[in-house]
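The values are calculated or read from the model by the stated rules, or taken from the named source; none is laboratory data. Fair warning: this is a prediction, and the values are worked out from it, not measured in the lab. Note: ideal-geometry Cβ built from the backbone for every residue, glycine included; neighbour counts use all protein chains shown.
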Amino acid sequence: MKYKNNISAKLLVAVAVLSLSGCTREIDTDVLATYPNLPEVFIDGFSSDLQYQAWGKVTNFDTDTDTKYSGTTSIRVEVPVPSDPMGNYAGGVFYSSTGRNLSEYDALTFYAKSSVPAKMEVGIGNYDTEDYLVGLQDVKLNANWNKVIIPIPNAAKLLSEKGLFYYSAGAVDGEGYTIWIDEVKFEYLGTLAHAHIEDVERPGFPGKVDIGTLTETINLPNGVNQTMQVSSKFFTFESSDPDVASVADNAITVHKSGEAVISLKEAGGQIKLHCYDFAPTPERNESEVLSLFSDSYRNKITANWNPRWQYSTAEYEDMDTGDNHIGYYSNLNFVGIVFNSVADCSAMTHLHLDVLSMDEIGTGSEFKVEIHESNSNNNIVYLATKATHPDFKAGQWLSLDIPLNDAGKQITQLVLGCDSNTKNILLDNIYFY
């Protein structure tokens, strides 16, 4: 299998945490406590099983007995300037050497302040691959002590968690500064509620895709909806049609074309999958082909698949199904595929690509391909519509073979565009021949 692009696909969806107090869904908390259930991480010093591992500038961590929220000692983090030879950011993880049973808590809490207005990332986990990761990004800090709450999606899963607390912060306007953190501990608040997944629609293809990290929201005691990144290992998934797509071990396996809705036992909302077959397998000999994006050939052309031109709304994802890669443009109006070097297509006569629209194709629907040569006078514009291509239908692969100009053939980029109703496009087997 040849990897087409450095952009990895991940199944990223908006997800909410489990129901705690005030929510009606049930979570099994009948667990066997085989590990210590210590709530303290750092109060006035290290708890008995606590270890620390520094990231970035390894000397960023220290303790402070002068500035603290409570007690005698706080954590002091010195964020370096970007040019610091010892590391350009401050970070680290506090972990248990033995593991802890955290099933009776629903949040990790702490107090923090900063010498300048700043933001940092904090969370649970991030120590080893077995961690149940919860991460808050862009936590705002200022000169006042503020309490930070990191909800736990499903504490019943945390029977032997090692990664207890991590942090990461970078310079502000090129300058270093100081962060203080105090009273880091696990608590049962009992006032977290309103767990809900954002409804998401995704394409799916035969094979297995890990659900991976999800984005979740939960309502905090102060009424604020908290957004965070969460490991899918916290949740139990169910499929509306296992014959189309089944779920096991936090991975979705697509079996055939059709639609399936993936829901969570611990939260509302859903992931809607539109499942398709793969594009037709190319049959041309490799000696006749100069490939940009295909698992059937060695890809000799590399490109920037989303240069983010002004006014372009496109988002790109290289979907890795395990057996094949598919290019996925969502919210597409126009986008450039800019080659990293000029492609010499002087021996080629056509550009081939397979395209699938996830949206309905009407009389006004169109898909446009522009082929740009180093000599701008030789650019090619090709338009696929319902009138020109009767087989252009939603959910169905359309093979396009676009003739090249006789002159030039030094290709620098492709430009794709579509109408306002045809925004979700899948691509495969893009090559010159």
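Residues that are under 19 Å from residue 110 (Cα atoms), surrounded by fewer than 14 Cβ atoms within 10 Å (Cβ to Cβ) and at pLDDT below 90 within the range 22-57 comprise just one, 48.
Looking only at the range 185-200, which residues are of a type outside the set (A, V, I, L, M) and at pLDDT below 85?
As a first pass, look at the range 185-200 and keep what is of a type outside the set (A, V, I, L, M): 185-188, 190-191, 194, 196, 198-199.
Passing the criteria: 196, 198, 199.
Yes/no per residue for (1) at pLDDT 95 or above; (2) surrounded by fewer than 18 Cβ atoms within 10 Å (Cβ to Cβ):
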site: 100; (1), (2): yes, no
site: 105; (1), (2): yes, no
site: 111; (1), (2): yes, no
site: 129; (1), (2): no, yes
site: 144; (1), (2): yes, yes
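In the range 375-392, the qualifying residues are those that are surrounded by 15 or more Cβ atoms within 10 Å (Cβ to Cβ) and in contact (Cβ under 8 Å) with a residue 24 or more places away in the chain, and the one that is farthest from residue 279 (Cα to Cα) is 378.
Is it the case that residue 153 is assigned to a loop (DSSP other than H, G, I, E, B), within 20 Å of the chain's Cα centre (by Cα) and under 30 Å from residue 46 (Cβ atoms)? Steps first, please.
Details: assigned to a loop (DSSP other than H, G, I, E, B): yes; within 20 Å of the chain's Cα centre (by Cα): yes; under 30 Å from residue 46 (Cβ atoms): yes.
Taking the combined requirement at face value, the residue satisfies it.
When we screen 254, 244 for residues that are modelled with pLDDT of 95 or more and either β-branched (Val, Ile, Thr) or surrounded by 21 or more Cβ atoms within 10 Å (Cβ to Cβ) (or both), the only hit is 244. Identification of strands (runs of 3 or more DSSP E) wholly contained in the range 49-143 with 1 or more residues that are of a type in the set (Val, Ile, Thr) and closer than 12 Å to residue 168 by Cα yields 74-79, 89-100, 118-124, 134-141. Every condition in (1) more than 30 Å from residue 146 (Cβ to Cβ); (2) touching a residue at least 60 places away in the same chain (Cβ under 8 Å); (3) not acidic (Asp, Glu) is met by residue 229 except one, and the failing one is (1).
Inside the range 156-196, residues that are under 26 Å from the mean Cα position of the chain (by Cα) and either within 30 Å of residue 82 (Cβ to Cβ) or of a type in the set (Phe, Trp, Tyr) (or both) make up a count of 10. Taken together, the criteria place residue 308 among residues that are at pLDDT 95 or above, part of a loop (DSSP other than H, G, I, E, B), charged (D, E, K, R) and under 18 Å from residue 416 (Cα atoms). Considering only residues that are in a strand (DSSP E or B) and either buried (at least 21 other Cβ atoms within 10 Å of the Cβ) or in contact with a Lys or Arg (Cβ under 8 Å, 6 or more places away or on another chain) (or both), which ones fall in the range 184-195? The answer is 184, 186.
Just to be sure, is residue 223 in contact with a Lys or Arg (Cβ under 7 Å, 6 or more places away or on another chain) and either under 12 Å from residue 150 (Cα atoms) or in the same structural domain as residue 254 (by TED's automatic domain parsing) (or both)? For residue 223, the condition - in contact with a Lys or Arg (Cβ under 7 Å, 6 or more places away or on another chain) and either under 12 Å from residue 150 (Cα atoms) or in the same structural domain as residue 254 (by TED's automatic domain parsing) (or both) - is not met. If we keep just the residues of the range 310-334 that are touching a residue at least 60 places away in the same chain (Cβ under 8 Å) and of a type in the set (Asp, Glu), which is farthest from residue 426 (Cα to Cα)? Here the answer is 323. In the condition set (1) touching a residue at least 40 places away in the same chain (Cβ under 8 Å); (2) buried (at least 21 other Cβ atoms within 10 Å of the Cβ), residue 60 is compliant with all but (1).
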